[in-house]
Amino acid sequence: MRLVWICALTCLAVPSAFGEGITIVLDFQGPRSERSVAEMKREFAGIMKDSALHFDFRSRSQASREDLSDLVVVRFTGKCVMDPVGYLYDERGPMAFTYSTDGIVQPFSEVACDKVTSAIRSAMAGGDFAKSDLLLGRALGRVLAHEVMHILSKSGAHGRTGVAKTALSGSQLIAPELRLEPEDVARIHGR
Ligand SMILES: [Zn+2]
């Protein structure tokens, strides 16, 4: 089974602090499938349901018109769509990362859509291709949950199982269920 490093921490300087209501700003740099984005939000909400936190999503343009606090900004690079024909991308390097400064995790993440589509395409078989939009959304929801877990826990620590593992395979990203474990919820709440 091929495991892909799901994330790494890199550097940027902005302070962060969170209440119980958190706005996630989705900043798509390239094309995306609205069906996949809707499924990503649904999957994310399902994973985070035990966190007792409330999440709202905004586009970058919506966010610039509103006065928002407790923001997480997630930039999606590359093509967040499943093309009918697969392209070969360099799968080395993380699928996503979250910025940190002097060891302090910042509320900014970046998701490399091309690496996510590559990873799940290699794990898809048979009828999966007919629902590839939904599977991409599911995978993106899990990658997003992983990065938001780092931001909320203010930690680069990983779980032993579930969505907070250090590395996830394409098949784990599209499997029927991948959970946030109780220890991850405790980490999010600083316990
Ligand atoms: Zn991670």
Find the relative contact order for the chain and round it to a whole percent, using C-alpha pairs within less than 8 Å whose residues are 6+ positions apart. 30 percent
For the chain, the Cα gyration tensor yields equivalent-ellipsoid semi-axes (√(5λ), largest first, whole Å) of 25, 18, 16
For region 119-191, just the Cα atoms, rotate onto the principal axes and tell me the three extents in Å, largest first. 43, 18, 17
Place the peptides 113-119, 68-74 in order of packing, highest mean first, counting for every residue the other Cβ atoms within 10 Å and averaging per peptide. 113-119, 68-74
Are there any helices in the chain, counted as whole DSSP H runs, that stretch 15 Å or more along their axis by Cα and score at least 0.5 on average by Kyte-Doolittle, and if so which? 132-153
In nanometres, the difference between 0.36 nm per residue of separation and the alpha-carbon distance of Phe18 and Arg35 is 3.2 nm
Rh by Kirkwood over Cα pairs, then Stokes-Einstein D for region 44-149 at 1.306 mPa s and 10 °C, µm²/s: 103 µm²/s
Do the sum for the chain: with -39,500 (n - 2.57) for every DSSP H run of n ≥ 4, divided by all residues, what is the mean residue ellipticity at 222 nm, to the nearest 500 deg cm²/dmol? -10000 deg cm²/dmol
Where does the longest stretch of the chain lie that holds no GluC sites (Glu not before Pro) found in a DSSP loop with 16 or fewer other Cβ atoms within 10 Å? 92-176
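Just so you know, all these numbers are worked out from the coordinates, no wet-lab data involved. The model shown is predicted, which means the values in this text are computed figures rather than measured ones. As a convention, Cβ positions derive from the backbone with ideal geometry for all residues, glycine included, and neighbour counts pool all protein chains shown.
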